[in-house]
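No value in this document is a laboratory result; all are computed from the given coordinates. What you see is a predicted model, and the numbers here were worked out from it, not measured in a lab. Backbone-built Cβ (ideal geometry, glycine too); neighbour counts: all protein chains shown.
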Amino acid sequence: MGLKFFHIRFRLGLLIGFLPVIGPLASDASDGHWAYERPVRPELPRLAKRESQGSPVDHFIQDRLAKAGLEYSRLAKPERQLRRLYLDFVGRPPQPGEGLPFLANPTSREYERLVDRLLASPQYGEKWARRWLDLARYADSNGFQADQLRDSWAYRDWVIEAFNSGMPFDQFAIEQLAGDLLPGATLTQKIATGFHRTPTCNVEAGGHPESNRVNQVIDRVNTTGTVFLGTTLE
């Protein structure tokens, strides 16, 4: 086994290994807190009548509505549907002239075509990558007093492209955690490890280098635990 491959397995092993260790400890301390229970795929609820052909999620929505004695709201007008889609997928309202095929023929087929066009838009990744970048505590500066600028844009662009290209989540996670240790790592995979290069950094005179390094390591550990395990490691 190559040294680099061993490092990858070691890092991911530590990350995954926290799950069975933290689970029992957390269960003892919090009386089986739901956050530490193993996820189980639920069965689809049986419906008295199926009102729509859609995602399996619709089964749970319809079941909950029926139990509450409620019904779906009336279908929104095409203009409102168009506005919602643009805000949800690309983060802005439609410009004049956009979505005209759907407005002229608001069928389910045209609706799906509009969704596909928005998913293929570069603006889709620009909007939704922000959620991940917030988790990764991305910033274009050091974030510490003097707050000097730093070249973090390459990692930002990598995340955007990952969203736009539909990168599988396992690859998305591995390249950020250990992209530089992959066999024959590409420049792009090395850029992905910018996930570990975004902590605050004190570059002011008098700052202790070792103290700064330790603070950054602690920040990386806490961020990795929070993002990938949903729990702090402090």
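Counting neighbouring Cβ atoms within 10 Å and putting the fewest first, the residues 174, 61, 160 line up as 61, 174, 160. Dipole size of segment 167-234 about its Cα centre, with +1 on Lys/Arg Cβ and -1 on Asp/Glu Cβ: approximately 100 debye, rounded to the nearest 20. Assuming a ≥ b ≥ c are the square roots of the Cα gyration tensor eigenvalues, decide whether segment 155-196 counts as rounded (a/c under 1.5), prolate (otherwise, with a/b larger than b/c) or oblate. Prolate, because a/c is 1.5 or more and a/b exceeds b/c.
By its C-alpha gyration tensor, with a ≥ b ≥ c as the square roots of the eigenvalues, how is segment 165-234 shaped: rounded for a/c under 1.5, else prolate for a/b larger than b/c, else oblate? Cα axes put segment 165-234 in the oblate bin. Rg and Dmax, both from the Cα atoms of segment 78-119 and both in Å, are 9.1, 24.
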